[in-house]
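Q: My structure is below; once you've seen it, I'll send some questions.
Values in this text are rule-based calculations from the coordinates and carry no lab data. Here the structure is a predicted model, which means the values were calculated and not measured. No Cβ is skipped: glycine too gets one built from the backbone with ideal geometry, and neighbour counts run over all protein chains shown.
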Amino acid sequence: QVQFVESGGGLVQPGGSLSLSCAASGIIFSGTAMGWYRQAPGKQRELVATIFSGGSTNYADSVKGRFTISRDNAKNTVWLQMNSLKPEDTAVYYCNAPFSRGPWGQGTRVTVSS
């Protein structure tokens with residue numbers, strides 16, 4: 001069955017960095033576009049970064065220039081490097097396949113606060 005397991009979240013000060021990882025199973029990972037989503041308290045879940053099977057990427061305007069999505073098809077893993085973090089980046093972060101969405105994982109919580 002399809003499963004996504006996210007990790008790497010935590011508490012970080014504004015301006016700091018975090019790297020999130022997501023292990024995927026039950027999908028043909030190399031041929032699947034993958035994305036990172038986030039859901040802030042009281043808000044809808046939003047897609048912040050996408051990486052296509054060929055390696056091209058797309059970012060929401062709110063994270064462009066600060067976040068970098070990458071993937072390793074041999075490890076069925078996708079990462080999100082987050083730099084210059086802001087308090088408004090505080091959210092639970094999830095990975096999934098934007099064009100063939102599977103069940104949501106438990107997510108990993110990111111808190112940006114001084």
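Q: I'd like the per residue volume of the convex hull spanned by the Cα atoms of the stretch 1-62, given in cubic angstrom.
A: Taking only Cα atoms, the stretch 1-62 has a hull volume of 120 Å³ per residue.
Q: Further, regarding this structure: Excluding residues on the same chain fewer than 8 positions from Lys43, give the lysines whose Cα lies under 23 Å from its Cα.
A: Within the straight-line limit of under 23 Å, Lys43 reaches these lysines: Lys64, Lys86.
Q: Could you list which residues have their amide H under 5 Å from that of Thr90, counting only those 5 or more apart in sequence or on another chain, with H placed in the peptide plane?
A: Val112
Q: Quick check on packing: order 16-23, 60-67, 40-47 by the mean number of other C-beta atoms within 10 Å, highest mean leading.
A: Put in order of decreasing packing, that is 16-23, 60-67, 40-47.
Q: Now, a different point. Once amide H atoms are built 1.01 Å from N in the peptide plane, which residues 5 or more positions from Arg71, or in another chain, come under 5 Å H to H?
A: HN-HN under 5 Å from Arg71: Trp79.
Q: What's the local net charge at Ser113, with K and R +1, D and E -1, over the other residues with C-beta under 15 Å away?
A: 0
Q: In addition: Once phi is turned into θ = phi - 60°, what whole-Hz ³J(HN,Hα) does the Karplus curve with 6.51, -1.76 and 1.60 give for every residue of the stretch 22-35, x standing for Gly and Pro?
A: 9, 9, 10, 9, x, 10, 7, 4, 4, x, 10, 5, 10, x
Q: How big is the charge dipole of the chain about its Cα centre, in debye rounded to the nearest 20, if each Lys and Arg gets +1 on its Cβ and each Asp and Glu gets -1 on its Cβ?
A: Working: 10 positive and 6 negative charges, 11 e Å.
The calculated dipole for the chain is roughly 60 debye.
Q: So for each of 2-10, 91-99, 24-32 I average, over its residues, the number of other beta carbons within 10 Å; can you give me the resulting order with the highest mean first?
A: On the way: 2-10: 16.6, 91-99: 20.4, 24-32: 14.9.
The packing order, highest mean first, is 91-99, 2-10, 24-32.
Q: Mind listing the long-range amide H neighbours of Ala49? Cut-off is under 5 Å, sequence gap 5 or more, other chains count too, H placed in the peptide plane at 1.01 Å from N.
A: Trp36, Ala60
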